[in-house]
Amino acid sequence: MKLYKTLLADFEEMSMGYSAIGIIASSCLGSVAAMLILMNGHTFVDMLQLFIVVIVCMGFNTVILAQFKSKIVFNALLLSLAISSIFILINIF
């Protein structure tokens, strides 16, 4: 929890710069997840996974564009990176 509070305080201090970096990181990780999902096939489960990854990444971009509070943007970034990473790991193995 201490790491979360430290990272959140740093994010709030320079939220504009970190938001730009977050958009790049979320988009890149989301596109890798989407590529791996589509490489596995086009079944209903694959399309559901793709839908989840796209919605979460677009949700993060929406939170930034709507200029939500820094804490909400930070939590959305963590969620987006976590979901994309989970689906990358699922589809690699």
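Observations
- Residues in region 63-93 reached by a label modelled at K5 [backbone nitrogen below 19 Å; 7 Å Cα→Cβ]: 70-72, 74-75
- Kyte-Doolittle at least 0.5, axis length at least 20 Å by Cα - qualifying DSSP helices, the chain: 15-40, 44-65, 70-92
- Whole-number accessible area per residue in Å² for the chain, which is evaluated in the context of all protein chains at 1.4 Å: 66
- Ellipsoid semi-axes in whole angstrom, largest first, where each is sqrt(5λ) of the Cα gyration tensor of region 6-93: 27, 12, 9
- Dipole check for the chain: with +1 at the C-beta of Lys and Arg, -1 at the C-beta of Asp and Glu, and the Cα centre as origin, the magnitude is about 180 Debye.
The values are calculated or read from the model by the stated rules, or taken from the named source; none is laboratory data. Quantities reported herein were computed from a predicted structural model and do not represent experimental measurements. Methodologically, a virtual Cβ is constructed for each residue, glycine included, from the backbone with ideal geometry; neighbour enumeration extends over all protein chains shown. We work out accessible area using only protein heavy atoms, side chains counted, and drop any ligands, DNA or RNA first. Shrake-Rupley method; radii C 1.70, N 1.55, O 1.52, S 1.80 Å.
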